[in-house]
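The values are calculated or read from the model by the stated rules, or taken from the named source; none is laboratory data. Since we're looking at a predicted model, the values are computed, not measured. Methodologically, a virtual Cβ is constructed for each residue, glycine included, from the backbone with ideal geometry; neighbour enumeration extends over all protein chains shown.
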Amino acid sequence: MLLTAFLALPASALVGVVYVSLLETVVKGNKIAAWLLAAASLAVVVTLSLLVWLRYRRDRQIRLLIALVAAAAIWLWGQHLWEPVSSTLLPHYEGLKPAERAQAVGQYRLAVIQACAAAGGVIALLYTARNYRLIRRGQVTDRLSKALERLESQEEFVRVGGVIALQQIIHDAPAQAGDVTHIVRTFIRRRAPKAERGAPRGVQAAASGLLLPQGYTSSDPEEPAADVQAALTALNTRRAKLYASRIDLSGCHLAGAQMFRQHLVKAQLSGAVLTDAVLARAALRQASLEKCDLRRVWATKSRCHHAQMEGADLRAALFFEADMVDCDLTGADLRHAELSRADLQLATLRGAKLSGARLVSTDLTRADLTGATAEEEPVRLDRSCLDQARLNNAVLRNAGLIGARLRNADLTDADLTGADLTGADLRTARGLTADQLLAAGSIDGARLPPTLRAACRHSAQETGPATGGPVGQEAQP
């Protein structure tokens with residue numbers, strides 16, 4: 001499109017010059033017009049030849065170079081070329097004296113010579129550009145061959161040097177960036193160890209009470225090798241990100257990997273081990289993370305919307321302010337995970353384990369928490385938005401729902417035993433019963449439907465204020 005835009009105007013001008021010159025030559029026998037016709041015809045032939053040549057070359061750099069040269073030629077010599085054209089369109093040779101006519105013919109010949117010189121300069125420039133392109137391609141090929149030889153070395157530091165060389169090629173040779181990026185991705189898959197599970201240990205950590213990694217042998221590294229980490233860094237450059245999507249790292253052991261701002265859009269990470277990895281601000285849109293080990297991963301402000309995380313292990317993971325819209329977390333283990341201020345609209349958390357998880361000020365609008373459980377330790381949902389969320393059969397014992405908003409939320413058969421509903425908005429909640437409110441730990445200041453408020457007040461009068469519990473507290477309208 002750019003080349004067409006640059007060549008449209010000069011091509012139209014050439015066609016007009018050929019047509020007018022042909023009329024002047026045939027009808028009036030004008031010699032100047034004949035010379036102009038020859039020059040314009042030659043220019044048309046050269047232009048068509050270049051277009052045919054470019055049709056099969058498909059080189060953007062050469063196209064842009066030709067377009068710039070054509071624009072410069074029009075800018076520099078356009079006035080000289082237009083003078084004979086205007087004199088042909090508006091002939092006034094009859095009144096000229098012989099000396100003046102000779103001077104006009106000389107100026108025209110000078111313009112033709114300048115146009116021929118410009119055409120020769122363009123041809124020479126094209127030839128130089130072609131030679132430069134071939135030489136540069138040969139240099140890139142030599143550098144790539146040497147880098148590939150280093151990747152096969154038995155020494156780790158030599159392989160690191162090979163990866164760095166590939167990174168430089170990605171930066172210096174955009175035309176080969178896609179192929180080199182594919183080589184780096186293949187290198188990671190070959191060098192990263194596989195995630196092999198052993199027998200589960202089931203031993204608790206002393207401070208947090210979390211179970212230790214379920215079943216990784218002691219030989220599993222806590223961080224990737226230097227060459228693998230260098231390859232991950234190479235994929236995180238600006239040019240490599242254009243080709244780094246859909247990377248397949250399924251089943252790879254990448255615990256402790258540094259992938260800050262990593263581009264993992266539509267990546268295949270099923271069954272991968274990313275324990276203690278750094279994924280802050282990483283792009284994980286539509287990534288496949290089924291049964292992925294994400295324990296203690298740092299993914300603050302990561303973009304995970306539409307990601308598939310069924311059965312993933314996110315214990316003690318940090319997803320603070322993460323974008324997890326429409327994320328599938330069915331059966332995921334979120335115990336002690338930090339999801340405060342995250343965006344979980346339309347997310348699916350069916351059967352998820354939420355014991356000890358923090359979802360403070362989290363947006364769970366229209367999220368599906370059917371069958372989610374928090375039995376071992378209470379989940380914190382304070383000031384969260386649960387509008388139109390589905391909490392059917394959810395086990396939220398002793399959960400913190402202080403100031404939470406549950407407008408049109410479905411609480412059918414939800415277990416709210418000991419839950420703190422202080423200041424919660426339950427006015428339009430569906431499936432909420434008086435028994436659930438009576439089993440709650442506190443409903444002080446909760447906004448309830450009139451019928452449930454009356455039932456709680458009636459129960460408070462029957463049991464008396466000395467009984468304690470939520471029924472002895474006045475619910476605010």
For region 379-411, which positions are among the polar types (S, T, N, Q) and either surrounded by 21 or more Cβ atoms within 10 Å (Cβ to Cβ) or in contact with a strand residue (DSSP E or B) (Cβ under 7 Å, 6 or more places away or on another chain) (or both)?
SER384, ASN392, ASN408
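This table checks each residue for (1) modelled with pLDDT of 90 or more; (2) part of a loop (DSSP other than H, G, I, E, B); (3) surrounded by 21 or more Cβ atoms within 10 Å (Cβ to Cβ).
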{"site": "LEU438", "(1), (2), (3)": "no, no, no"}
{"site": "ARG453", "(1), (2), (3)": "no, no, yes"}
{"site": "CYS456", "(1), (2), (3)": "no, no, yes"}
{"site": "ALA460", "(1), (2), (3)": "no, no, no"}
{"site": "PRO465", "(1), (2), (3)": "no, yes, no"}
{"site": "GLY468", "(1), (2), (3)": "no, yes, no"}
{"site": "VAL471", "(1), (2), (3)": "no, no, yes"}
{"site": "GLN476", "(1), (2), (3)": "no, yes, no"}
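Going through region 114-165 one residue at a time, which ones are farther than 30 Å from THR237 by Cα and among the aliphatic types (A, V, I, L, M)? Walk me through it before giving the result.
If we filter region 114-165 for residues that are farther than 30 Å from THR237 by Cα, which is where we start, we get 114-128.
ALA115, ALA117, ALA118, ALA119, VAL122, ILE123, ALA124, LEU125, LEU126 - these are the residues of region 114-165 that are farther than 30 Å from THR237 by Cα and among the aliphatic types (A, V, I, L, M).
Look at region 317-339 and say how many of its residues are without any contact (Cβ under 8 Å) to a residue 24 or more places away in the chain and either in a loop (DSSP other than H, G, I, E, B) or within 15 Å of ALA404 (Cβ to Cβ) (or both).
16
Residue-by-condition table, conditions (1) at pLDDT 50 or above; (2) touching a Leu at 6+ places or on another chain (Cβ under 9 Å); (3) part of a loop (DSSP other than H, G, I, E, B):
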site: ALA165; (1), (2), (3): yes, yes, no
site: GLN176; (1), (2), (3): yes, yes, no
site: THR181; (1), (2), (3): yes, yes, no
site: ARG185; (1), (2), (3): yes, yes, no
site: ILE188; (1), (2), (3): yes, yes, no
site: PRO200; (1), (2), (3): no, yes, yes
site: ALA207; (1), (2), (3): no, no, yes
Among (1) surrounded by fewer than 17 Cβ atoms within 10 Å (Cβ to Cβ); (2) touching a Lys or Arg at 6+ places or on another chain (Cβ under 8 Å), where does ILE169 come up short?
(1)
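Quick one: which residue in ARG407, ARG350, ARG366, ARG383 is part of a loop (DSSP other than H, G, I, E, B), farther than 21 Å from ARG447 by Cβ, without any contact (Cβ under 8 Å) to a residue 60 or more places away in the chain and among the basic types (Lys, Arg)? Spell out the reasoning first.
Numbers: ARG407 fails: farther than 21 Å from ARG447 by Cβ; ARG366 fails: farther than 21 Å from ARG447 by Cβ; ARG383 fails: farther than 21 Å from ARG447 by Cβ.
So the residue among ARG407, ARG350, ARG366, ARG383 that is part of a loop (DSSP other than H, G, I, E, B), farther than 21 Å from ARG447 by Cβ, without any contact (Cβ under 8 Å) to a residue 60 or more places away in the chain and among the basic types (Lys, Arg) is ARG350.
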Exactly one of (1) touching a His at 6+ places or on another chain (Cβ under 9 Å); (2) outside the structural domain of GLN176 (by TED's automatic domain parsing); (3) in contact (Cβ under 8 Å) with a residue 24 or more places away in the chain is unmet by THR237. Its number?
(2)
Could you pull out the residue among ALA230, ALA234, ALA226 that is more than 26 Å from ALA316 (Cβ to Cβ), in contact with a Phe, Trp or Tyr (Cβ under 8 Å, 6 or more places away or on another chain), modelled with pLDDT of 90 or more and aliphatic (A, V, I, L, M)?
ALA226
In region 288-308, residues that are farther than 18 Å from ARG366 by Cα and either assigned to a loop (DSSP other than H, G, I, E, B) or aromatic (Phe, Trp, Tyr) (or both) total 13
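Kindly establish whether THR275 is of a type outside the set (Phe, Trp, Tyr), under 17 Å from THR186 (Cα atoms) and either surrounded by fewer than 20 Cβ atoms within 10 Å (Cβ to Cβ) or modelled with pLDDT of 90 or more (or both). Quick ask: steps written out before the conclusion?
Values: of a type outside the set (Phe, Trp, Tyr): yes; under 17 Å from THR186 (Cα atoms): no; either surrounded by fewer than 20 Cβ atoms within 10 Å (Cβ to Cβ) or modelled with pLDDT of 90 or more (or both): yes.
Here the answer is no, as THR275 does not meet what is asked.
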Given the residues ALA332, ALA374, ALA342, which is the only one that is at pLDDT below 95 and surrounded by 20 or more Cβ atoms within 10 Å (Cβ to Cβ)?
ALA374
Considering each residue of region 230-274, count those that are under 16 Å from HIS182 (Cα atoms) and outside any loop (DSSP other than H, G, I, E, B), and give that number.
11
